[in-house]
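> Structure below; questions to follow.
Values quoted throughout were computed directly from the atomic coordinates according to the rules given, and no laboratory measurement underlies them. Everything numeric here is computed off the predicted structure, so don't read it as measured data. For neighbour counting, all protein chains shown are included, and Cβ atoms are generated from backbone atoms with ideal geometry for every residue, glycine included.
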Amino acid sequence: MRLYTLPAWRLRWELVEGGGDPASYVEQVYERIRLFEKTLNSYITLRSMEEVVEEVEQQVREARRGAYKPLAGVLLAVKDNIAVEGLPNTCASRMLSKYIPPYTATVVERLVEAGAVVIGKTNMDEFAMGSTGETSAYGPTRNPWSINRVPGGSSSGTAAAVAAALATIGLGNDTGGSIRLPAAWTGLYGLKSTYGLVSRYGLVSYAESLEQIGPMTRNIMDLAVMMEAMAGFDPRDSTSLDYTPSRGVYTAAVERGEEGARLSVALLEDMVEHEAVSEDVRRVVYRAAEALEEMGAKVSREKVGRHVAYYALPAYYVIAMCEASSNLARYDNIRYGYREPPRPWEGWNTYYSRVRGEGFGREVKRRIMLGSWMLSAGYKDQYYVRALRLRRMVRDRLLSLAERYDVLLLPSAVTMPPRLGEAITDPVKLYMLDTVSVQANLSGLPALTVPAGKVRSIPLGVQLMARPLGEPRLFTAASMIATATGLHDLIAEPVG
Ligand code: GLN
């Protein structure tokens, strides 16, 4: 049986109840890694198969004995900025190439408790700064649906690995679209939850007021199962909400969607007709609106206005760079770093600038410098404070819409994935790829990517947004689209 093709919820059943062989599942996945990883470059660290087999067997044994393990034996790919004790945590940066965290992120702990087994740490844009996966110090990841294109970033490796079934489920993080954009370009489901719903403990911060860790899967039910295991209050994260979803709320919401539901949907017209959005993308968003209607939803058209559609992007980049410049100050190669000792005649200032110059890549350095400059005396009001004001306006507008409708529908990506090397040369071109992603982060609203069409045999996702803690509605709507279009459990067979 081809166990690697199964969604996590079915796989768990096969392994625990159906007599499926845990070792042969792991062997199948490693066989795919052997075939495709050279092309894709999706992992930075891969654990040994023997170790992984042992842990998968252990998880399945415990589940067979009756332990509650909704993800028993399921292989999990973890983005390389989320700590797993004992495994390198490079953030795809030379600066952290030698860093091995002595602790595990809360989300990983919870998923392992639910039965998952970490298979490895995935490639990404350096410090999660980028939208294509190409700023990695470990080389770019390729899109398994079309290997000359990027998979999207910054959670590029998790996206490619899960889409090509080099893992069954994955973790990414989303500061300004890093889960939703790669999910949209690789045929996956991906969720950036309400700010504070998922613990950030163990995530290397880039811009902490914007980001959340989140799941990436080939199936909407798997996304719900992962969220039920991950979400909820964590005393170790001071921004964690005092809220824990009750068991079964998200999976029940998915089931409701399979039957169809009378949701009210706002199609965000000026986001779909935005000049940055391509014709291909528009067509798929309208197709998703039809799919929702077929399943019983009532779709209305709304406009978000210029602040949300146009000014959110510069506001996001100002805030993100300012936070980045302060977060990345700690990488001085002494407290953290790749540990090249100072030269005997070198002063501290020379030493810091030399090692920070060598340790960080171009894009990261650009953001540290711009962020520090924008926070400097005399400029702060012009940039940072103004961006915060815009952030408030974006939030107010989206909140008022999200309170009037069950879900908002908009694109998840503005174009189809660029070819390797195409977007990375011009920073503004790169930033423009986030035109429709950053609003959810600025406002803290939950947002989900769901595959809704294919363009020249590459899958393309659309985005759903809801009010704070409105995740159940997102799961219902996504499940309605999945049922109507049949676009789930897609597996890429990379060639080349
Ligand atoms: N592309 C955006 C940026 O570079 C978002 C990245 C992310 O979500 N981590 O800031």
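> Run the reach check for LYS79 against lysines, Cα to Cα strictly under 23 Å, same-chain hits fewer than 8 apart removed. What comes back?
LYS38, LYS69, LYS98, LYS121, LYS192, LYS365
> Need the C-alpha centroid separation for the stretch 270-316 versus the stretch 123-193, integer Å.
Cα centroid to Cα centroid, the span is 23 Å.
> Taking the stretch 423-493, which trypsin sites (Lys or Arg not before Pro) meet the DSSP loop condition and have no more than 11 other C-beta atoms within 10 Å?
Here the sparse-neighbourhood loop sites are ARG456.
> Just report the Cα centroid separation between the stretch 461-496 and the stretch 348-393, whole Å.
36
> Taking every DSSP beta bridge that has both residues in the chain, what percent is antiparallel when rounded to the nearest 5? All intermediate terms of the calculation are to be shown ahead of the outcome.
Values: 29 of 45 bridges.
For the chain, the DSSP antiparallel bridge percentage is about 65.
> Given THR425, VAL78, SER240, which one lies farthest toward the positive end of the charge dipole of the chain, if we put +1 on the Cβ of every Lys and Arg and -1 on the Cβ of every Asp and Glu?
THR425
> About its Cα centre, how strong a charge dipole does the stretch 64-188 have in debye, to the nearest 20, once Lys and Arg get +1 and Asp and Glu get -1 at the Cβ?
320
> Using θ = phi - 60° and the Karplus curve 6.51 cos²θ - 1.76 cosθ + 1.60, what whole-Hz ³J(HN,Hα) does each residue of the stretch 171-176 get, with Gly and Pro shown as x?
10, x, 9, 9, 9, x
> Quickly rank 379-387, 99-107, 69-77 as a protection proxy: mean count of other C-beta atoms within 10 Å, highest first.
69-77, 99-107, 379-387
> Based on Cβ point charges of +1 for Lys and Arg and -1 for Asp and Glu, what charge dipole magnitude is obtained for the chain about its Cα centre, in debye rounded to the nearest 20?
Using only the charged Cβ atoms, the result is roughly 1080 debye.
> Okay, next question. Can you give me the P(r) profile for the chain? Cα pairs, bins 20 angstrom wide beginning at 0, each as a whole percent.
P(r) over the chain, rounded to whole percents: 26, 59, 14, 0.
> Moving on to the next point. With +1 on the Cβ of every Lys and Arg and -1 on the Cβ of every Asp and Glu, and nothing else charged, how large is the dipole of the stretch 116-252 about its Cα centre, in debye rounded to the nearest 20? Walk me through the numbers before you get to the answer.
Numbers: 9 positive and 11 negative charges, 76 e Å.
Rounded to the nearest 20 debye, it is 360 debye.
> Using the number of other C-beta atoms within 10 angstrom as an exposure proxy, rank HIS488, HIS274 with the fewest first.
Listing HIS488, HIS274 from fewest to most nearby Cβ atoms yields HIS274, HIS488.
> Two-decimal Rg/Rh of the stretch 210-356 from alpha-carbon positions, Kirkwood Rh?
1.13
> Report the FRET efficiency, 1/(1 + (r/R0)^6), for ASP270 and TYR336, where r is their Cβ-Cβ distance and R0 is 60 Å, rounded to 0.05.
So, using R0 = 60 Å, E works out to roughly 0.90.
> Now, a different point. Evaluated at 20 °C with a viscosity of 1.002 mPa s, what Stokes-Einstein diffusion coefficient in µm²/s does the stretch 274-426 have when Rh comes from the Kirkwood expression over alpha-carbon pairs?
Rounded, D is 110 µm²/s.
> Need one number: convex hull volume per residue for the stretch 340-496, Cα atoms only, in Å³.
Value for the stretch 340-496: 197 Å³ per residue.
> Out of every Cα-Cα pair in the stretch 5-157, what percent are more than 27 Å apart?
Looking at the stretch 5-157, the distances longer than 27 Å represent 26 percent of pairs.
> Quick one: order LYS121, LYS365 by neighbouring beta-carbon count within 10 Å, fewest to most. Before the final figure, lay out each step's value.
Working: LYS121 28, LYS365 15.
The most exposed by this proxy come first: LYS365, LYS121.
> Another question about this same structure. Given only helices, namely DSSP H runs of n ≥ 4 each adding -39500 (n - 2.57), what is the per-residue ellipticity at 222 nm of the chain, to the nearest 500 deg cm²/dmol?
Theoretical 222 nm ellipticity from helices: -12000 deg cm²/dmol.
> For a quick check: sort VAL118, VAL249, VAL162 by the number of other beta carbons within 10 angstrom, fewest at the front.
Sorted ascending by nearby Cβ count, the order is VAL249, VAL118, VAL162.
> I need to check one value: relative contact order of the chain, counting alpha carbon pairs closer than 8 Å and at least 6 residues apart, in percent.
19
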